[in-house]
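To start, the structure under review is shown below, and the notes come after it.
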Amino acid sequence: MAQGDANYLDAMSCMIEPSMRVDVSSAVPGVIDKLDLQVGDTVKQGGKLFSLRSGVEAASVEMAKVRVEFAKRQMQRNDEMFKENLISSHERDEFETEYQLALKELKYAEEVHDLRMITSSINGVIIDRFMDPGEYVEDAPVISLANIELLKIELVLPYESFGTIAKDSVLTIYPEAPVNGSYEASISMIDPIIDAASGTYRIRAALLNTDSKIPAGIKCRAAL
């Protein structure tokens, strides 16, 4: 391949991969309660992945709600008493403080409870499932997700071509059979470091795949 040759990427082999892979665990240890997703299922960002048993945490939330309602009633009653000069401003402040503390405790209880509901950080598809309901999770992954709405293609090029490719340039990607056809991918990364041992460097391109026509994990060829 001659430097500056506009076709130096012709017939370059490549691999189409998910743009992101995420192994999902839990922020807190516990026993898995519900996990209905199977390999191949799709999830949206913010969608529920699995939950841990949360009976104790749910009860704590309900108790905190009761304390909030009680503190609120006390504050309202004592506010009326203050207006009638039956209690001091210091006593009224104490009841207002109790109410504010009860609200904080409720928020804390709700956040602790919410930690046991694990949601997705990306739009993705389930590519692996490592555990089942009833199993205890601590820090090991429970499921693995991949984003295939945006695919990535990496190429390894000879250092002689360095500087002849611009970021955001368009590659034409030809997936292997049975997909076939041609697709445009935009160069999103040019590695600024040359590997001295091999005399090569990497570039990465992003390929939109919102209709999921192209499966990840297949070989391809790329041309500029």
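The values are calculated or read from the model by the stated rules, or taken from the named source; none is laboratory data. From a predicted model like this one, the values you see are computed outputs, not experimental measurements. Neighbour counts are summed over all protein chains in view; Cβ atoms, including those assigned to glycine, are modelled from backbone coordinates with ideal geometry.
A few notes on this one:
Yes or no, residue by residue, for (1) among the polar types (S, T, N, Q); (2) touching a residue at least 24 places away in the same chain (Cβ under 8 Å); (3) in a helix (DSSP H, G or I):
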| site | (1), (2), (3) |
| --- | --- |
| Asn78 | yes, no, yes |
| Ile87 | no, no, no |
| Glu91 | no, no, yes |
| Tyr99 | no, yes, yes |
| Leu103 | no, yes, yes |
| Leu106 | no, yes, yes |
| Val112 | no, yes, yes |
| Ile118 | no, yes, no |
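- Test: residue in the range 157-165 that is under 30 Å from Ala197 (Cα atoms), under 28 Å from the mean Cα position of the chain (by Cα) and either among the polar types (S, T, N, Q) or modelled with pLDDT under 95 (or both): no
- Criterion (under 21 Å from the mean Cα position of the chain (by Cα), at pLDDT 95 or above and either on the phi < 0 side of the Ramachandran plot or among the hydroxyl-bearing types (Ser, Thr, Tyr) (or both)) met by exactly one of Leu52, Leu106: Leu52
- Yes/no for Glu184 being assigned to a strand (DSSP E or B), in the same structural domain as Gly199 (by TED's automatic domain parsing) and among the charged types (D, E, K, R): yes
- The residues of the range 55-93 that are acidic (Asp, Glu) and under 39 Å from the mean Cα position of the chain (by Cα), listed by number, are Glu57, Glu62, Glu69.
- Cβ pairs under 6 Å, 6+ apart, first in the range 5-21 and closer than 10 Å to Ala223 by Cα, second at pLDDT below 60 and in a strand (DSSP E or B): none
- Summed over the range 187-214, residues that are aliphatic (A, V, I, L, M), assigned to a loop (DSSP other than H, G, I, E, B) and surrounded by 12 or more Cβ atoms within 10 Å (Cβ to Cβ) total 2.
- When Ile153, Ile127 are checked against the criterion of being outside the structural domain of Glu62 (by TED's automatic domain parsing), touching an Asp or Glu at 6+ places or on another chain (Cβ under 8 Å), crowded, with 17+ Cβ neighbours inside 10 Å and assigned to a strand (DSSP E or B), Ile153 stands alone in meeting it.
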